[in-house]
Structures are given as C-alpha cells and as structure tokens.
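What follows is one structure encoded as structure tokens, with my remarks underneath.
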Amino acid sequence: MFTKLFQKVTQPPQHDVPQGSVTVTDLDPRVAVHYGIPSTASILAFDPIQRLLAIGTLDGRIKVIGGDNIEVLLISPRPLPFKNLEFLQNQGFLASVSNENEVQIWDLEQRRIASNLQWESNITAFSIICGTHYMYIGDEYGFLSVLKYDAEEGKILHLPYHIPANLIAEAAGISLPNHPSIVGVLSQPCSFGNRVLIAFENGLIILWDVTEDRPVVVRGYKDLQLKDETVIESSKELVHEHSTDASDHEQAEKDISSLCWVSSDGSILAVGYVDGDILLWNLSTAAYTKDQQAQKSSNNVVKLQLSSGSRRLPVIVLHWSANRAHNDRGGQLFVYGGDDIGSEEVLTILNLEWSSGIETLKCIGRVDLTLNGSFADMILVPNAGATESSDTTSLFVLNNPGQLHFYDDACLSTLMSRPEKKNSVHAVQYHAVVPTAEPYMTVAKLNLLQTEGSFSRALLEAVSAAKLQVAHTTTKESTKWPLTGGVPSQLSFSENNGIEKVYIAGYQDGSVRIWDATFPVLSLIFVLGSEVDDIGVAGASASVSALDFCSSTLCLAVGNEYGLVRLYRLIGNSDETSLHFVTETKHEVHNMHYENGAQCTAVFSLLNSPVCTLQYVNSGVRLAVGFECGRVVMLDISSVSVLFLTDCVTSSSSPAISLAVKTFPDPHNNSLDHSENRTSNASARESVFILTRDAHIVIMDSATGNMISSWSMHPNKESTAISIYILEGNISVSEESSEKHSLVSSQDCGAKNEPAQTNAHHESDSLETEFVTSTPASYLGQRFTDSLVLLCSEDALCLYSSKSLIQGNNNSIHRVNLAKPCCWTTIFKKDEKACGLIVVYQTGLIEIRSLPDLELVGESSLMSILRWNFRINMNKTMSSSDTGQITLVNGCEFAFISLLAFENDFRIPEALPCLHDKVLEAAANAAVSFSQNQKKKQVAGTAPGILGGIIKGFKGGKADDSGDFSEDHQTVIAHLEGIFSRFPFSDPSTSIADDQEIVEFNIDDIEIDNPAPVSSSSHKSKNDRRDEETEREKLFDGGATDTKPRLRTPEEIMAKYRKAGDASAAAAHARDRLLERQEKLEKLSKRTEELQSGAENFASMANELAKTMENRKWWNI
C-alpha cells in the first residue's frame, strides 16, 4: 500500500557516495502504531462475537478498536468516504462500500484489502446475510444483486442471481416507475437468507422469497387506510393515541429514508420517511397473491410522529432493541430525526409495547438524549454474555468531530425508567490509550533505552509493578466498556523481553505520562502528577513545555511554562525520601515518603520564564536548561546544585530553543576522568552548543559557563532557527575543504563574533582566547576531523566543521536553501552513524536528505501516509528515535510512522496483535451447533419429524420457515450457494451436486388435470394399487443394496443438466410459469381432502423409509 508514498527524486548520477549514506531503496514509509478516533469519523460497524468496533471516515480510513489497547488503522488507496460498513461476523473480514461504489473486503488478520470490486452503477443499499459471506446490493436502477466473498480464493464473486425491478413488479402484480432506486435491503431474521426485504425509494416495500422467486408481502403508500389508521404522537409533553381522517396530501408517495426490523422474527418493520413520519408495518400475513393488492387492513400499519409540526427533519437512523421480558412485544426504538426543523439536535428513544397485534401498540415513554456534537452515526451492541431472556443492549453514539460515547444497558434502563434524571446520567467516553486532547498534550519525547545492565533489570521490575497498578485502576474505570476483541502478541507477555523504548508526553495540566513503547501496542506505566506531595510549589500545575530523558541513569527532567524544572528517578525505593527544592536564594530538603516506582527528587525554581529546552550532559551528570528569556542554566544532578546561571546569551534576548553537547578530549590527558569532582581543565572537555530562535549560535564551557564562541547564522536578515545537531564520524573536514567554495551558496556570508555576557564569569573574552590558544590547532584538526555541526532553520540547512566553529570561523561547508518554510527536523542513523535528515515542512511535506551532502533522496507527505493536514504547533509534539521512527499528534489522533525499510524496532509482524480470534470463532461456532442440536432433540420425537429433517437436508430448502432452526450452518451455506448460483425463476436443482440426485418438488412441477372418466371402480382400484407399489419400489430402490458409486461420462452429465435456450428465454419461460401458479393453487385447494385421506398410509411409509435410509450408503442418497 505504501510502496509509492515516497517519490524518487531525479538526480544526476553521484560518484563516490559515502558508505552508510541513505538511498531511495532504504525508504519505506508505513504506519506502525495509531491511536485515537479520526475527526472525520462518519460510520460505525460492530462484530458482536469478536467484540470489535469499526469506524469508517470521510477520507478512506477505517479505525478498528478492540480490547487490551489494540487499535488498528486501515487505509484505503483512495481517500473517499464510506457509505456502507459491515462486518462479516466472526469470520475475520470487514466489508465496505466507498462513495464511488467500490466494494472492498478487508482481511483483518493481514490488515489489508483482500479483494475489491468496482460496481458500475450507484450502490444505494447494502447488506450482509448474517453469519455468511453473501452480500445483497441494491442500486439506483432497482436491481437487486448478490455478491459472495470466497475466502479461499480471496476474491469477491458476482453471483448469477439478480432481480431487476420490472420482474419484481410483474411478480407482485404492481406498477413501478422507470428505474426505481432501492434504498434498503434487509435479510429477514430467522429465514436463513431465504427472504429479503427490498425497500424502494418511492415507499414500496416487498418481502421477497429468493428460494421461490416470488413476493411474500407487498406494502406501500397505497396500503394505507388513513381513515382507520392508528397514529401515535410521541410529543415531549404528552403521549396519546387518536385517529385521523384521510387527507389528500398523505396519499402521495412517501420517500423512505431509513428502516429496521422491530421484531426478532421479522414480522414487524419500522420505516422512516423523508417527511419525518415513522410507520410500523405488519408483515406477518398469509402468502401474497396478486388479488391482495386491492385489500387494505388497518391492522397492517401504525404511524409514529415525534412532532406535530408541518416541517420535520427526515428520519435518518432507526435501530431497535427488543424487550425480552415482553415476549418480543415491546422494546426501545432509537430514532435520529423526525423532529421539527430548527429544533435541538437529539437522539430520541421511544419505549413501545403492544399486547397482541400491532394495532394495540402504545408509546409508554420517550427520552431525548442531547448530543455533545453534531450526529454522525449510532449502533446498538449486545453485551458480552447476553442471554435471550435478558435486556442487555448498549449504545454507541458517534458525534463530530470523532467523539465516541457509550451508554450501557444500566444507563439506558435508568433513562427510560426515570427520564427526569437524564441530566445526571452521563455516557462513558472513549478512553484514549494516548490522550492528546483531554488533557491536551503539549510536548513529547521518544527514547531508546539500554537493554543491558542493572538499570534495565530494575526498570523492568518497576515497570511490571507499575503496569499491574495501572491495569487495576483502568479495569475499575472501564468495566462497562464492551470492546474486548483482538489477541495480544505473545511477545508482549514474555518475561525475557526488557523495556527497549519509552514514549513520554507532557500535558497542559502539568502532568506527565510514560508508556512502554517496546511493542506496537503501547502500555501505560507511569502517570506523574503536577503537584509535589506536601510541598506547595507555585506554578507546579503550569503547562509542560520541555522534556529530556537520560537512558543511562533512567532520570527524567520536566520543564514547564512557569520556569520550574522537576527531576524524577524512574527507579526508586522507599528508603530514598529526600526531595530538594532549589531557588535562587535557598536550598530546602524535605523528607518524603514514596512507594517503589517513579520518585520526584528535586524541583528547581530559578527563573520566572518558560523552559524551552532541556539537555542532559555527560551521561546524566549535568542538565542544561534553556529559557524563553534567552538565559541558560547548568544544573549538577549529583549535588542537586546550580553550576552557573548565565545572562542572556545574545543581545536580542532570543529564546534558547535547541542544545547540543560536544565532548572535547583533554590535550593534557588522553584518558577521561570519571570522578565527580573534576578540575577546570577536565570540565572544559565538554562544550554546549546553544541555538537561539533568531539563528544565533553560542558555544559555552559546560562546567564554567564561559563563552567559547558566538556568531549568527544569518546576520543580514531575520531567520527562525529550528535545531542544531553534532554529527560524529561522518566525514573528514579536510576532504570537503577543497570543495567549500563551490558548495557554499552565494547567500552564505561570514558573521562577526558577538560578545556574550555571563554572571558566572565576567572575563569571557579572555577565557575564549585562552581556550583557543591553549589548544594547538594541529591537535584540534587531528581530533575533530570527523565532527560536523548541522544547523537547521526555516529557510536553509547549513553544515559546518566543529573545529572551525571553535576557532571562530563560521564559513559553512555546505548549504541548502529551502524553497518552503521548514518547521521540524531530525536525524537518523544507520549502523550507528548519522546517515540521513528528515525535514518536515509547514505544508505537511516530508523530505529525506542524505548526510553529509544533504542531497534530496525522496519525499512524501502527512496526507499520503496518514491522511493528515499539517496543523499549527504540530511540530511541538513531534519526536523521533535514532532509527527513523517519528511520533505525531493531530487532534485526537496519535501515530508512530516508520520511514526506513531497515528499521523494525517494533518487530513487525511477530509483535503485532491479531484482530481476529480464531479460538473464539471456533468456540462460537461450536456453541451455535450445540444449540441447534439441542433444538433438534426437542422436536425429533415423531417419525414425520425425522422424515422432515432428512428431506430438508437433501432438498433445496423450500420447506416451511418454522423448521429453519434444524439446519446447521453448513447446510444453510450450501443451500444459499445453490440458490444464488442460478438465475432467478430457474430450477435451483441445477446448482446442487450431482451425487445427491435430489428431486426438487414445487408448484410448477405439479400437473393438475380434471379427473378423467373411468370404466369401473374395480379397474381404478387396481391401477391405484399398482401405481402405489411402483412408487414404493422406486422410493426404496437401492435401500438394501451395496452398490458402488460410478463415474458418469460428460455426455450423461450434459444430457441431465443442459438447458435449452439462453438466459432471456429462461426468464420468459419463468414468467409464463408464474401466470400458471394461481390456477394451480386453486386446483390444489380442491385436492386437499383427497390428500388428507392418504395421510395415514404416508405416515406408515415414512416410518419404513426412515428405517431403510439408515442402511443406505451415502452414494445411494
């Protein structure tokens, strides 16, 4: 999917490419981790068995949410909205339909599109037969088609079964306008796919039997008898029933906008209309005939009106939750729409019940849920472990932008029983794994940890204990959350795996959260509050503005907008109880009681200015702090003291935004001194490079604060700096110096050194001279030949030699002027060496440049990778690792993206969680099979029942619906395969396997003629007995033999199954057969008495047949 996200840049051939540099073959952008709900979320789908929620968006993305912090983002190749989204329940697949009518099947296990099919016409209705892989599609021309997803082949198949609107109208004996659009397709419950409800835009509703190719029920606006119609006005003030007289305007066609079943057996249908009405149709009538089209009954329909106004909103969404306690004669109808235009946007819940027929329906309660944003979608979900006799339906409501709210069954029950308390009932909001908006994230940092040593083992133990505590707290808060799907990777549970990576985020409320980011499922390990226990520190709750983490000591530094710097140790124990509070004038030590885990060890309050940057120096021994006011502080961590506090490093008081540390070898001693009390000469071996926002660079002694060098990147124009990096071991300065003049841009000019002031020492100029002159230039050239300094600003990238900068020469080795304003940069490494630079522009464009030549290797964008637009201040929450992983935040979304092919820190795919639980799938199928077997045993007490079970197993399934529950899942699938693999109005037996040799009886095969005159009754009796004996012999033929199956020749197969004529001829023949059905039915009714007289003989024969069938081989059946 992402192979084309990076565009290869055409460049002239390069010779002598430095070893280890990044090339276009190293680029492979992909989304490794994604959390949060996109702001463009628009549609919901739920798998009640796997307990997964899918959220489709307007830009071609699908968010799948399960349990245990499992979230996955699926991205369609085209950024188009989804108008349909539905799970193939318990099968590991998700079906979607885009706005340009592309049907897609997503493989949840592989996290990709398994198959897609472009539909030629506009899809206006879509539905999946529950528990199967068959899909109904209705289009703008009134065609009903059937698709099948073949999991073995990985393809979407367009099956032969399809019905045009004119054939439906002809079979129903009604007239339809040209090309009526199908707006709804629903498989009837308890029919195992045998019946489908088709709703046309003009208000016509047809319940169609796909096995018999005929309408079962036809309803429409012409069936309304408004004179006797029951109307229930469900107003907010009053609930009552009344009748109304017929009116001319109500006889007009009513356009359908939504529909849902209102009974578990599919006998009652709720239909929402564009004019705001809701009609409940009774579909449980006798078999439909053409003569019934003129018959009207007041028992067939009931109208619901949410408002009595003349201008009402269309009924957009309808969902039904049955009340099992009322024997499926009541429940809650969830409605969005139907209120007066301009009224408050609410979701209405109607409590309905009826005692006998639908004509006794009453609305006994109404609740209007006020939405927390504009409505997007809603879905009802059964709670886990729900039983058939309990009300366990919960509600998900999706509001814009990307807000997901959950109402459990207890909450809904409280709302319906005590509607006056609705303001005190609050929904459970989606709990973000990585909060970005509530609370608001202000800064973030991604850090790799050392996986060896005592610190790593101690951290693993501390993190394990912290995870248990956080999980216990989260469990208490989210016991009602229904999403538990997905299976975590076994790697995440292995005790041998240490903590390799942590993600740290600071928030506007002053808190800090830390996650274990070793695997692609993040787990929260620490939550550090802003307040310090028992110590009142002014400004402690100010917004976090800077973070730094030392992986060697596992210490965390947190700076905020008030100027406070808090120091934490992630590995602590109850013995360490001292907390240092340091200001400019005092140093206090407080005794604190901590549990094992993260502990605050010190708080520094030195300046009332926001902290802009933090940088640990010398493996965590010291901490450099840059402030908004332009001053810099160096803290000694071991002694919890201030080494120095400078005045403004530049005359402009520009904020210090980036720090880098360079270790210089001691010219008097080749060995490094690791003692805590270092001499002045030893301390001078480390220098801090300070970059201010106005692109001014100051080099300072990290121990004394003495200035070594100071100059401006762009002295003749205003420029906004971004970052500074020191590149070790990349390239020799001497090798590049000969090409310096040809590489330097014409805009690159020398800058004059500017004096810097410090309140630690006032003789900075003399110290700078002494430092430079005391170290021979030849020695510096020998030691710093592979050290480079990279300065990044909004409009340029400049590369310098660290040796020349120390000596006051600020001529750049290489310079690249940027055509667009840049906002964020980072470097990444390959084989432990810096090999590339990532540049992010304010337009969202991402560039990859090689180091040290800064050549453009490839480019991509946030839109192509994540479908994100760049937002203001997005760069403040961006962070990266040395391996090219980038973390980003956009609104409520959080993501890890990996840009490099050779990077696999998350150990994908081994560490990825599985979205589809195959064990759960097998268990659910076994439970369904067991339930069906139990029902079979309850009804298998008589011989006719046995016979019925046998025949239904072999026939095409046209038995009465009351016995559908006796068919197992595989039989249903095989039955539907036979039905949909044929053309409508054709013999379905042609689609059944040859070895079954099934005789399919239907009304069209029955020849009914008037009885012919006979010579005598005795002759007739002899003929009848002879016929009975012949039929009995045919029926029991092969029952006692042990014949072997034989292979039939192609000619025999063709002779048996070949049909004359093409499809149009078969359709014409089918229409002729339909006209004969009514006459045959009338004749059949006259022969009923004759058939009843032979019932006793048939029962006796059935018992004998059941015994005989037990001895027959499978190939004789």
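The values are calculated or read from the model by the stated rules, or taken from the named source; none is laboratory data. In this text the structure is predicted, and so the values were computed from the model without any measurement. Please note: Cβ atoms are built from the backbone with ideal geometry, for glycine as well, and neighbour counts cover all protein chains shown. For the accessible areas, the whole protein counts, side chains as well, though only heavy atoms, and no ligand, DNA or RNA atoms are used. Shrake-Rupley method; radii C 1.70, N 1.55, O 1.52, S 1.80 Å.
Descriptive notes on the structure:
- Computed label-point distance, nm, for sites Asp853 and Asn904 using a 7 Å Cα→Cβ extension: 2.9 nm
- Beta bridge orientation in the stretch 513-647: antiparallel %, DSSP, nearest 5: 90 percent
- The amide H of Cys612, built 1.01 Å from its N in the peptide plane, has Gly626, Phe627, Glu628 as neighbours under 5 Å, considering only residues 5 or more places off or on other chains.
- A protection proxy built from the mean count of other Cβ atoms within 10 Å ranks the segments 427-440, 57-70, most packed first, as 57-70, 427-440.
- Legend: distances between Cα atoms for Lys480/Lys501; Lys501/Lys876; Lys445/Lys480; pairs beyond 26 Å are Lys480/Lys501; Lys445/Lys480.
- Solvent exposure of the stretch 787-897, expressed per residue, is 28 Å² of accessible area, with all protein chains present and a 1.4 angstrom probe.
- The GluC sites (Glu not before Pro) of the stretch 860-918 that DSSP puts in a loop, and whose beta carbon has at most 11 other beta carbons within 10 Å, are Glu910.
- Surface composition of the stretch 806-864: carbon and sulfur make up 46 percent of the accessible area, probe 1.4 Å.
- Potential lengthening of the chain between Glu728 and Gln450 amounts to 98.1 nm, from the contour at 0.36 nm per residue minus the alpha-carbon distance.
- In loop segments of the stretch 328-368 as defined by DSSP, the GluC sites (Glu not before Pro) with at most 12 further C-beta atoms inside 10 Å of their C-beta are Glu344.
- Remark: the stretch 802-808, residue by residue, has Karplus-estimated 3J(HN,Hα) of 5, 5, 5, 5, 5, 7, x Hz, where x stands for each Gly or Pro and the curve is 6.51 cos²θ - 1.76 cosθ + 1.60 at θ = phi - 60°.
- Simple spin-label estimate for Gln970 and Lys876 in nanometres, 7 Å along Cα-Cβ: 6.2 nm
- Once the 1.4 Å probe is applied to the protein heavy atoms, the stretch 15-141 comes out at 32 Å² accessible per residue.
- Judged by the mean number of other Cβ atoms found within 10 Å, the most tightly packed of the peptides 625-637, 253-265 leads the ranking 625-637, 253-265.
- Counting Lys and Arg as +1 and Asp and Glu as -1 over every other residue whose Cβ lies under 9 Å from the Cβ of Ile43, the net charge comes to 0.
- Filter on Lys586/Lys662; Lys254/Lys303; Lys155/Lys918 - keep pairs with C-alpha separation over 24 Å: Lys586/Lys662
- Rolling a 1.4 Å probe over the protein heavy atoms gives the stretch 484-528 an accessible area of 34 Å² per residue.
- Ordering of 916-923, 169-176, 649-656 by packing is 649-656, 169-176, 916-923, highest average first (other Cβ atoms within 10 Å, averaged per residue).
- Gain upon complete extension [Ser639, Thr663; 0.36 nm per residue less C-alpha separation]: 6.5 nm
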